[in-house]
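What follows is a single structure, written as structure tokens, with notes after it.
The values are calculated or read from the model by the stated rules, or taken from the named source; none is laboratory data. Predicted, not measured: the structure shown is a model, and the values here were computed from it. Here the Cβ positions follow ideal geometry from the backbone for every residue, glycine too, while neighbour counts run over all protein chains shown.
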Amino acid sequence: MHLSNLRLWNFRKFGDNSAIDLEKPNLNLNFTTGINVMIGENDSGKSAIIDAIKLTLKTHSYEWFRLDWDDFYDGSDRLRIELRFDNLSDDEAKNFTEWLGWNGEGDNAIPYLRLIYDGTRNLEDQYIYPSEIRAGVDETGYQLTAEAREYLKTTYLKPLRDAKSELIPRKNSRLTQILQGHEAFKGKDQDHLLVGLFLDFNEHVAKYFEGTDKDGTALIGEQLKGKELKGEIDKFIQAFYSKDKESNFGVLGNNLKNILEKLELSIKDELNPGLGTLNRLFMASELLHIQKKNWNGLRLGLIEELEAHLHPQAQMQIIEALQNEPNIQLILTTHSPNLASKLSLENLIICNDRNAYPMGASYTKLGSDNYKFLEKFLDTTKANLFFAKGVILVEGWAEEILIPSIAKAIGINLTEKGVSIVNIGHTGFDHYSKIYLRNEEPNMAIPVAVITDSDIREYVKNEDDFVKRDANTVQQENQQTLTAIAAKSDQSVNYYAAPNWTLEYSMFKSSSLTAVLQSVCKTIHSGTDWETDFEKSLAIKLINKGLKKTEIAYQTANLIDEDLKKPIEERTITIDSEDEEDSIFYLIQAIKYASGN
């Protein structure tokens, strides 16, 4: 049995204030068996999805979850949560016989279970009406019994885990609850081996304070200090209370629960473990619930911010281990690019703009070759694109270095806008851009700008010389290429191509940056004859791949940044964001699109 689908109406940010239409949920999210990892920018709805699930299912930790005023979308007076479970085995299905639905007919019919949580509130009296978890195939369903609900509880690890306090001995500790639910202790009490061990221990403790060892032999010397201590306490007890009363030392353990509350879980031979170690230990203990043997209920774990207190290598180690766990389902949230890069893309769910987008092959326009490529090359740096409000894909270091400075020059701070510039190191943009292209609506709303070169050379080598090509031919080829590149734009992915060969050539043609480029090129390539024909010298460098593009971009960006620090009247570099005739206008268009300007 696994959670296959979640539907939300007017729950937190997933709503629209209209009357609930059961055919049009505000969120319709499918989960896969195994591991599901929700990623995305802050306030994108990841926690709301987790909360909707645990509000409906409750948890093994017996935490109290109830519908809150802020769970309702804006001014709505009703919300609805539906969970669907598929792949029920016969042993699992028998726990929910009267609530099951069926796909198919006869012997081929396959059972499924749908849970319904329908909440309402009175906006005038500010009162939330009590509601129950129901199940069934019709609109309202039927109330679940307490016994049936026990089989549907989930294991939940909150984002800010205080693992240290949860693992130390104390009354009603989380560790006690975990152990009580395990088959090693569940349903047992006085007949458990630990109870007998504690009784023996307490007997030895009592004898020590009476002045004898476990065999009744009298203690001597310093060992009698315990008897003396007890005698002093007894003197006061008899004076304060009754002459026939005396104290009794021991470890409280007259039942199994008392004993479990005395247990501490730690790493053997590890002194003073840090928060990261304790966090891993706590997760290991919590996951006992979904690894229980002879259990015919749900095996679902909800983990928020798995990376809490963990360094990147530990994060990767844990996620790799979890991916290899059979027969359990996990739904996680993370803000860690390290985890995003380690996971299979098909296990990711991108949350954005009040929606959630699974990355499985049936949902995206990624092909099998794209998935294989991304498995190898989606490193931590490129995984930043999953957490961005906007994305700019570039093919090299030069664009990555230069674009933030150009953006600042036109009054746009890409960091503040939440835009990630992703340098893919080649021109295979499809592998990355198709992440954002959906097979069916709703489409993703994250603006993705792809910046590429047109690669239409304006010079060619002719024997021992380099000559400029016919201007009309170059213009015609350029127009055809730019049109073809622009045609690749689809849904939220827009392509922007350099109108003149490459980034550097377009900078040379630019009315705003040509002087800066020429100055930088002369400084970096001081041995080159730039004075005779700068354009031809630049073309030769490009054709022979001798141009130091990264260094040129770095120095140009520095000059732009330094110029911006000057008073406006003293600045020498002016980039007009509205000048469509400037050959770097394609960069400005891309920056504006990705940043939402």
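Couple of notes before you dig in:
- Hey, ASP107 in the same structural domain as GLY45 (by TED's automatic domain parsing), part of a helix (DSSP H, G or I), without any contact (Cβ under 8 Å) to a residue 24 or more places away in the chain and among the acidic types (Asp, Glu) or not: yes
- ASN338 vs. criteria without any contact (Cβ under 8 Å) to a residue 60 or more places away in the chain and touching a Pro at 6+ places or on another chain (Cβ under 7 Å): yes
- Number of residues in segment 509-541 that are in contact with a helix residue (DSSP H, G or I) (Cβ under 7 Å, 6 or more places away or on another chain), free of Cβ contacts under 8 Å to residues at least 60 places away in the same chain and of a type in the set (A, V, I, L, M, F, W, C) equals 8.
- Subset of segment 391-405 [under 15 Å from ILE584 (Cα atoms) and of a type outside the set (A, V, I, L, M, F, W, C)]: GLU399, GLU400, PRO404, SER405
- Restricted to segment 1-53, and to residues there that are more than 17 Å from the chain's Cα centre (by Cα), polar (S, T, N, Q) and crowded, with 20+ Cβ neighbours inside 10 Å, the residue that is nearest to GLY390 (Cα to Cα) is ASN26.
- The residue of segment 193-251 that is modelled with the highest pLDDT, among those that are farther than 23 Å from LYS262 by Cα and of a type in the set (Phe, Trp, Tyr), is PHE236.
- Candidates in segment 291-316 are the residues that are out of contact with any Ser or Thr (no Cβ under 7 Å at 6 or more places or on another chain) and charged (D, E, K, R); of these, the one that is nearest to ILE328 (Cα to Cα) is ARG299.
- Scanning segment 406-419 for residues that are buried (at least 23 other Cβ atoms within 10 Å of the Cβ) and within 20 Å of the chain's Cα centre (by Cα) returns a single hit, VAL419.
- Criterion: of a type in the set (A, V, I, L, M), within 20 Å of the chain's Cα centre (by Cα) and in the same structural domain as VAL493 (by TED's automatic domain parsing) - qualifying residue of VAL450, VAL422: VAL422
- Evaluation of LEU197 against (1) without any contact (Cβ under 8 Å) to a residue 12 or more places away in the chain; (2) under 20 Å from THR59 (Cβ atoms) (one fails), failing number: (2)
- Verdict on THR572 being under 27 Å from LYS389 (Cα atoms), among the hydroxyl-bearing types (Ser, Thr, Tyr) and surrounded by fewer than 16 Cβ atoms within 10 Å (Cβ to Cβ): no
- Qualifying residue in segment 26-39 (condition: within 18 Å of ARG114 (Cα to Cα), of a type outside the set (Lys, Arg) and free of Cβ contacts under 8 Å to residues at least 60 places away in the same chain): yes
- Subset of segment 406-462 [among the acidic types (Asp, Glu) and in a loop (DSSP other than H, G, I, E, B)]: GLU416, GLU440, GLU441, ASP453, ASP455, GLU458
- Contact map, segment 553-567: first residue more than 12 Å from MET507 (Cβ to Cβ), second residue part of a loop (DSSP other than H, G, I, E, B) and of a type outside the set (A, V, I, L, M), Cβ cut-off under 7 Å, separation 6 or more or different chains; pairs are ASP563/ARG571; ASP563/THR572.
- Residue within segment 89-100 that is under 24 Å from PHE14 (Cβ atoms) and either surrounded by fewer than 19 Cβ atoms within 10 Å (Cβ to Cβ) or within 29 Å of the chain's Cα centre (by Cα) (or both) present: no
- Scanning segment 565-572 turns up no residue that is in contact with a Pro (Cβ under 8 Å, 6 or more places away or on another chain), assigned by TED's automatic domain parsing to the domain that holds GLU463 and not hydroxyl-bearing (Ser, Thr, Tyr).
- The single condition among (1) at positive phi; (2) touching an Asp or Glu at 6+ places or on another chain (Cβ under 7 Å) that LYS389 does not meet is (1).
- Filter result for LEU79 (more than 27 Å from HIS289 (Cβ to Cβ) and assigned by TED's automatic domain parsing to the domain that holds SER285): yes
- If you go through segment 166-185 and pick out every residue that is of a type in the set (D, E, K, R) and farther than 20 Å from LEU275 by Cα, you end up with 2.
- Those strands (runs of 3 or more DSSP E) of segment 314-405 in which 2 or more residues are buried (at least 19 other Cβ atoms within 10 Å of the Cβ) and aliphatic (A, V, I, L, M) occupy 329-333, 348-352, 390-394.
- Residue match in segment 220-241 (condition: among the hydrophobic types (A, V, I, L, M, F, W, C), within 53 Å of the chain's Cα centre (by Cα) and either not in a loop (DSSP other than H, G, I, E, B) or not assigned by TED's automatic domain parsing to the domain that holds ILE318 (or both)): no
Condition check ((1) among the polar types (S, T, N, Q); (2) at pLDDT below 90; (3) over 30 Å from LEU265 (Cα atoms)) across all residues:
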residue: PRO111; (1), (2), (3): no, no, yes
residue: TYR117; (1), (2), (3): no, no, yes
residue: GLU132; (1), (2), (3): no, no, yes
residue: THR145; (1), (2), (3): yes, no, yes
residue: LEU152; (1), (2), (3): no, no, no
residue: ASP162; (1), (2), (3): no, yes, no
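- Number of positions in segment 403-434 that are among the aliphatic types (A, V, I, L, M) and closer than 14 Å to LEU378 by Cβ: 2
- Pairing each residue of segment 58-72 that is closer than 22 Å to LEU167 by Cβ with any residue that is small (Gly, Ala, Ser), provided the two are 6+ apart or on different chains, yields C-beta distances under 9 Å for HIS60/GLY181.
- SER577 surrounded by 15 or more Cβ atoms within 10 Å (Cβ to Cβ), more than 39 Å from the chain's Cα centre (by Cα) and in the same structural domain as GLU400 (by TED's automatic domain parsing): no
- Boolean, LEU79 is in contact with a Gly (Cβ under 7 Å, 6 or more places away or on another chain) and closer than 24 Å to GLY141 by Cβ: yes
- For segment 129-140, the count of residues that are buried (at least 16 other Cβ atoms within 10 Å of the Cβ) and in a strand (DSSP E or B) is nonzero.
- Residues satisfying the stated conditions in segment 460-498, i.e. among the β-branched types (Val, Ile, Thr) and loosely packed, with under 14 Cβ neighbours inside 10 Å: VAL460, VAL467, THR473, THR483
- Cβ-Cβ contacts under 7 Å between residues 6 or more apart (or on different chains), taken from a first residue in segment 160-173 that is over 20 Å from LEU310 (Cβ atoms) and surrounded by fewer than 12 Cβ atoms within 10 Å (Cβ to Cβ) to a second residue that is among the charged types (D, E, K, R) and modelled with pLDDT of 80 or more, are listed as LYS171/GLU261.
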